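To keep things clear, I will list the structure first and then write my remarks on it.
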């Protein structure tokens with residue numbers, strides 16, 4: 001009995017020691033008298049209850065609980081699920097950032113080589129891929145004396161190809177075509193430079209007037225405040241696009257009618273021979289075409305389009321990662337998201353084209369070209385679309401129109417005719433026709 005009481009008292013020390021003493025008590029109880037055995041049973045039940053209490057006390061006061069609460073489990077489960085869903089978009093953006101940085105480093109190390117590769121990529125986009133076509137690409141630089149250029153061409157053919165008159169005529173025809181592009185293009189570039197400078201000065205002046213006096217007096221705070229204004233940033237970037245290196249005019253031998261500018265190859269205007277031969281019949285029409293393309297660059301449409309593509313494709317990947325069927329609905333999701341992206345992108349593109357038309361015809365008027373006559377290039381495009389069946393005689397309607405990247409040519413033609421009356425009256429009325437006809 002004394003041994004049992006001793007073991008009971010020891011249970012106040014630790015549960016482990018209590019268990020050891022309980023085992024010893026159980027061994028002794030097998031050889032004790034019946035009376036002692038009855039006492040052992042009574043004490044053993046008390047010992048078991050006390051041991052359970054001690055175990056419970058130790059488990060509740062321990063610094064590392066055995067079981068986590070359901071609330072904590074749900075919290076960590078939600079965090080894990082969020083991490084699971086966003087891992088792919090984060091990886092996509094990381095890879096994009098790595099590629100972007102690598103591209104910058106490659107371009108900085110080998111600028112001429114990279115420019116040549118980029119030029120080949122751009123030319124391939126309009127079907128100029130064969131070595132023969134690449135050899136026929138002509139490039140003119142801003143400020144060239146075309147009398148000297150054509151004279152040298154004539155001398156070169158007289159020395160090396162005197163018996164190949166047909167080849168000389170063909171090459172001379174394309175050189176004259178390039179000369180016209182360069183002459184008109186230089187006028188458009190000149191007025192575009194003047195325009196972006198005046199717009200930048202205007203938006204900066206308006207922004208400064210709206211700032212508090214204490215900010216206006218502090219030059220550092222003033223510059224920081226101006227950098228946060230979206231319109232100031234837009235025209236600052238436009239000024240950088242127009243200024244800097246000498247502009248180049250690239251004539252591409254291609255059956256695809258097109259004219260464009262590219263931010264990856266700045267200070268260049270590209271135009272195909274088919275565009276000139278098929279649609280452009282005068283310098284006025286050429287001026288509107290080039291002014292339209294330069295307007296895309298000024299207004300930052302290419303940068304905005306790239307930002308939209310990156311954002312939407314990242315969102316597309318995120319939505320695909322949420323597919324609860326683990327891939328069974330991915331094909332349907334991809335088709336739907338691709339159609340949605342094309343529709344939204346086409347809507348942005350149509351708005352960009354309208355903005356470029358409006359600014360392009362303004363530049364055309366500032367360079368003293370006939371904007372009403374220039375607008376006929378779009379009517380000619382409309383007739384070509386109707387003849388080819390690409391566009392009905394009346395503007396297309398329905399679902400297909402949502403995926404058109406350009407507004408209907410007929411709509412653009414009538415809008416430009418209306419706009420040309422406004423611009424001609426305003427520009428010439430205030431005597432801000434900026435460029436003299438010094439090429440005559």
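Each reported figure results from applying straightforward, stated rules to the coordinates on display, with no laboratory input. Just so you know, these numbers come straight off a predicted model, no measurement behind them. When we count neighbours, we look across all protein chains shown, and the Cβ atoms used for this are built from the backbone with ideal geometry, even at glycine.
Structure above, values below:
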{"item": "Gain upon complete extension [residue 132, residue 309; 0.36 nm per residue less C-alpha separation]", "result": "60.3 nm"}
{"item": "Net length gained if the chain between residue 355 and residue 223 were fully extended (0.36 nm per residue, minus Cα distance)", "result": "44.6 nm"}
{"item": "Extended-chain gain in nm, criterion 0.36 nm per residue less alpha-carbon gap, residue 404 and residue 164", "result": "81.8 nm"}
{"item": "Packing-based exposure ordering (other Cβ within 10 Å, fewest first) of 283, 164", "result": "164, 283"}
{"item": "Order by protection proxy (mean Cβ within 10 Å, highest first), peptides 288-297, 231-240, 95-104", "result": "288-297, 231-240, 95-104"}
{"item": "Debye log10 I(q)/I(0) for region 130-429, one point scatterer per Cα, at q = 0.09, 0.10, 0.11 Å⁻¹", "result": "-0.59, -0.71, -0.83"}
{"item": "Percent breakdown of C-alpha pair distances by 5 Å bin, ordered from the shortest bin, for region 328-377", "result": "5, 18, 15, 13, 10, 9, 8, 7, 6, 5, 3, 1, 0"}
{"item": "FRET E, pair residue 256, residue 209, Förster distance 60 Å, beta-carbon r, rounded to 0.05", "result": "0.80"}
{"item": "Against the rule of thumb 2.2 N^0.38 Å, how large the Cα Rg of region 110-184 comes out", "result": "1.27"}
{"item": "Computed E for residue 147/residue 281 - FRET, C-beta separation, R0 22 angstrom, nearest 0.05", "result": "0.35"}
{"item": "Near-label residues of region 118-144 by backbone N, under 19 Å of a point 7 Å along Cα→Cβ of residue 388", "result": "123-129"}
{"item": "Efficiency of FRET from Cβ geometry, residue 114 and residue 91, R₀ 22 Å, rounded to 0.05", "result": "0.25"}
{"item": "Size of region 89-245 as Cα extents on the principal axes (Å, biggest first)", "result": "77, 44, 25"}
